[in-house]
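Undergrad: Take this structure first; my questions come after.
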Amino acid sequence: MASAATWHLGSLSAICGAANAAGIGIASAFVFLEGGSHEQVSLAVNTMVGNLAGMICDGAKIGCAMKTLTGVEAAFRAASMALAGMGIPATDGIVGKDGRASLSNLGRLAQRGMAGVDTEILRIMQDKLRP
């Protein structure tokens, strides 16, 4: 399911892949390695999507390290919660009925909902270069 996160986000996305795709992979793997069920993996994915969906990518810089750390911390939290039977429910935001639906919703957000974000980030960065 973790590779599905990258597939849904696309190769270039306004959504931070380091925190989202990698974090979802870590959460899924942790639940799996701890003997969790498919439903618990799905719950961890839902929690990751509900937690980090709005984190944007503004280029590979020092902030990437912090975003990656945030994704790793969130992954362990989501996995621990899922193993205890807790997580963000489908009634919240873009979280779907299961992990696959949540990943699909995250992809929709990344590819459609944030279409103008890359352009605006570029404008901001260019404005900073002007005297």
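Undergrad: It is to be established whether one or more residues within segment 71-82 are small (Gly, Ala, Ser), more than 15 Å from ASN20 (Cα to Cα) and at pLDDT 95 or above. Reasoning before the result, please.
TA: Kept after step one, since they are small (Gly, Ala, Ser), are these residues of segment 71-82: 71, 74-75, 78-80, 82.
Then keep just the ones that are more than 15 Å from ASN20 (Cα to Cα); that gives 80, 82.
From the residues that got through so far, the ones that are at pLDDT 95 or above too are 80, 82.
Yes, segment 71-82 contains at least one residue that is small (Gly, Ala, Ser), more than 15 Å from ASN20 (Cα to Cα) and at pLDDT 95 or above.
Undergrad: Only one of (1) touching a residue at least 40 places away in the same chain (Cβ under 8 Å); (2) open to solvent by less than 70 Å² (accessible area, probe 1.4 Å) is not met by ASP92, so which one is it?
TA: Checking ASP92 against (1) touching a residue at least 40 places away in the same chain (Cβ under 8 Å); (2) open to solvent by less than 70 Å² (accessible area, probe 1.4 Å), the one that fails is (2).
Undergrad: Taking the condition of being at pLDDT 95 or above and over 14 Å from ALA75 (Cβ atoms), how many residues in segment 1-48 meet it?
TA: Number of matching residues: 5.
Undergrad: Next question. Scan segment 45-54 and tell me whether some residue there is buried (at least 16 other Cβ atoms within 10 Å of the Cβ) and touching a Cys at 6+ places or on another chain (Cβ under 9 Å). Step through it out loud before you land on a result.
TA: Keep residues of segment 45-54 that are buried (at least 16 other Cβ atoms within 10 Å of the Cβ), which gives 45-53.
Add one more test, that the residue is touching a Cys at 6+ places or on another chain (Cβ under 9 Å), and what stays is 52.
Within segment 45-54, one or more residues are buried (at least 16 other Cβ atoms within 10 Å of the Cβ) and touching a Cys at 6+ places or on another chain (Cβ under 9 Å).
Undergrad: How many residues does segment 10-44 hold that are open to solvent by less than 10 Å² (accessible area, probe 1.4 Å), under 10 Å from the mean Cα position of the chain (by Cα) and of a type in the set (A, V, I, L, M)?
TA: Residues in segment 10-44 being open to solvent by less than 10 Å² (accessible area, probe 1.4 Å), under 10 Å from the mean Cα position of the chain (by Cα) and of a type in the set (A, V, I, L, M): 3 in total.
The values are calculated or read from the model by the stated rules, or taken from the named source; none is laboratory data. These numbers were taken from a predicted model, which means no experiment stands behind them. Virtual Cβ from ideal backbone geometry, glycine too; neighbours counted across all protein chains shown. Note: accessible area is taken over every heavy atom of the protein model, side chains too, but ligands, DNA and RNA are not part of it. Shrake-Rupley method; radii C 1.70, N 1.55, O 1.52, S 1.80 Å.
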